[in-house]
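Have a look at the structure below, then the notes.
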Amino acid sequence: MLRVKEGADEARKPADSSTRRHGLELVPSAASEAKPRLATQEQRRGVGFLTVLIGVGLDALMVALWPAIKMDWLNGVTVVHEAGDDITVDYRRALLGYTIVAVALLLPLHRRGRLVPRSSELAVTVAARLGLAPIIAALLTGWIRTLDLLMWLELVAVTVSLVLLGRVLTFKLVHTVRTRGYDLEDVIIVGAGSVGRDLALAIEQNPDCGLLPVGFVDRFEERLSYPLIGRPEDLHAILEETQAGHVILGFGAATESELVSYVRDCAHLPVQFYTVPRFFELGVSVGQTGFEVDGFAVTRLGRAGRHHLMWPLKRAVDVVTSSVALLLASPIFAACAIAVKVTSPGPVFFRQVRVSVDHVPFDILKFRTMKYVADPEKQAQLDQKAQAVNLDDDRITPIGRFLRKSHLDELPQLINVLKGEMSIVGPRPERPYFVDQHSEEIEGYAHRHRVPAGITGWAQVNGYWGDSSLEARVRLDNRYIESWSPWRDFVIGLRTIPTLLGKRR
């Protein structure tokens, strides 16, 4: 159990504070006995989920209301005369399809992070989505032949107004619920400086943020409005103990490089991190998922690498791509294998232990490009002697020089991808000896192993191969992990093509 210094805590805490800390549990003090007891996080989340359901139900009601009136819901079936043909339209089915499509399109607009957007912020987006909804529904239900322009304009105009009215009611409901202490998520603020203290007060006074400050994490020893529940280096243990789902990185005693390391160590936890950007006073944007509170800009940090919502898609793309590539490249694969076997004695494949995700070792496959060394100990000595082999190394065979220059020696790594040991795109894998060495010497090197190793990567398409700057490659690899998306993998794949033709640093 993590514990706070009780004596120091009481000294830092204001005299009128209603709670005090023992370990990491809030224990009511004598001053709080007359006040309503704060709801648990589970109770607050339950009420929050209920407000979301009410909001979705209100959307459905507002979307279906006007079409139900106009289309004579009770009769349901209408005969429309068009160019001499009688078309029977089941408006009940059309209305149901329109309502489902519209509600689905509006669903992502209910919350932006912890914020509930106001109607004024949603007007244009709601209008665009509701304008698209009847077209999609008409295509799906066969209603498209009876959908005319005036009918569409009237439907969109009235429905947008009704939905925005419903969003006003939803916002009022959430505001009332949060003001009474529900639908609030615990947030820990890292940094107990002036910005952190003022930010905590601003969040407490603005429940529309959807957050509830529960304490600070810092190295300061001074009087605070909330408990000091630990030090930055203990952030991982604090989050596991408190089960807090949100953390705001403010300005405190920890350096930026320290905070980066602490946050990356917590990447596997179900925690949303935010940061107060430097120079927020100069109008730094908070983006689509951040928020502002009493003049403070709070930016939401994305979920890195494997914890991204779309990460399962990466593995699916790897399997399909590697399978198709192996099939299409099978003639080239066979030609390379024969050339290696015929031109020098030894095995076709070169196997070497490399390190991939979570520091798990695996045998990487390449076409052998060097003279075969049968003695494993001698081979290990050669491996440790040189981290990168230059093309003029006398151990490289003539066919090996061609394979290296054309990167065809990397082709067997598609088998590693198919087996799940590597990915098409990711940081290039290294040998355990150098992983241990570089992890000690280069800041952030160990964090490259948060995702599977790749055949190509963000560092490579920026020209960093072989013996180029290792520090730059580490920065680029970690940048790729922090900002991963399926689209970025696609772009890296395209940019790999000209890189293979010789672009280097």
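The values are calculated or read from the model by the stated rules, or taken from the named source; none is laboratory data. Source: prediction; values computed, not measured. Please note: Cβ atoms are built from the backbone with ideal geometry, for glycine as well, and neighbour counts cover all protein chains shown.
Quick notes on this structure:
- Exactly one residue out of Leu107, Leu95, Leu61, Leu50 is part of a helix (DSSP H, G or I), out of contact with any Ser or Thr (no Cβ under 8 Å at 6 or more places or on another chain) and modelled with pLDDT under 75: that is Leu95.
- Flag if Ile442 is under 19 Å from Leu365 (Cα atoms), modelled with pLDDT of 90 or more and either out of contact with any strand residue (DSSP E or B) (no Cβ under 7 Å at 6 or more places or on another chain) or not hydroxyl-bearing (Ser, Thr, Tyr) (or both): no
- Every condition in (1) surrounded by 18 or more Cβ atoms within 10 Å (Cβ to Cβ); (2) in contact with a Pro (Cβ under 7 Å, 6 or more places away or on another chain) holds for Met310 except the one numbered (1).
- Selected residue (only one of Arg315, Arg354 is among the basic types (Lys, Arg), crowded, with 19+ Cβ neighbours inside 10 Å and touching a residue at least 12 places away in the same chain (Cβ under 8 Å)): Arg354
- Selection from the range 320-330 of residues that are surrounded by 13 or more Cβ atoms within 10 Å (Cβ to Cβ) and among the β-branched types (Val, Ile, Thr): Thr321
- Contacts under 7 angstrom Cβ, first residue in the range 443-461 being assigned by TED's automatic domain parsing to the domain that holds Ala316, partner modelled with pLDDT under 90 and part of a loop (DSSP other than H, G, I, E, B), 6 or more apart: Arg450/Ala267; Arg450/Ala304
Conditions (1) at pLDDT below 95; (2) small (Gly, Ala, Ser); (3) assigned by TED's automatic domain parsing to the domain that holds Leu201, marked per residue:
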residue	(1), (2), (3)
Val263	yes, no, yes
Leu269	yes, no, yes
Glu281	yes, no, yes
Gly290	yes, yes, yes
Thr343	yes, no, no
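- Taking the range 446-477 as the range and being part of a loop (DSSP other than H, G, I, E, B) and either of a type outside the set (A, V, I, L, M) or on the phi > 0 side of the Ramachandran plot (or both) as the test, the residues that pass are Pro452, Gly457, Asn462, Gly463, Tyr464, Trp465, Gly466, Asp467, Ser468, Ser469.
- Listed by first and then second residue, the pairs with beta-carbon distance under 9 Å, at least 6 apart or on different chains, first residue in the range 145-169 and at pLDDT 85 or above, second outside any helix (DSSP H, G or I), are Arg167/His110; Arg167/Val116; Arg167/Pro117; Arg167/Arg118; Val168/Arg118.
- Top-ranked residue in the range 431-441 [being of a type outside the set (D, E, K, R) and surrounded by 15 or more Cβ atoms within 10 Å (Cβ to Cβ); ranked as farthest from Asp265 (Cα to Cα)]: Phe434
- Selection of the range 219-261 for residues being in a strand (DSSP E or B) and either out of contact with any Phe, Trp or Tyr (no Cβ under 6 Å at 6 or more places or on another chain) or without any contact (Cβ under 8 Å) to a residue 12 or more places away in the chain (or both) yields Ile229, Gly230, His246, Leu249.
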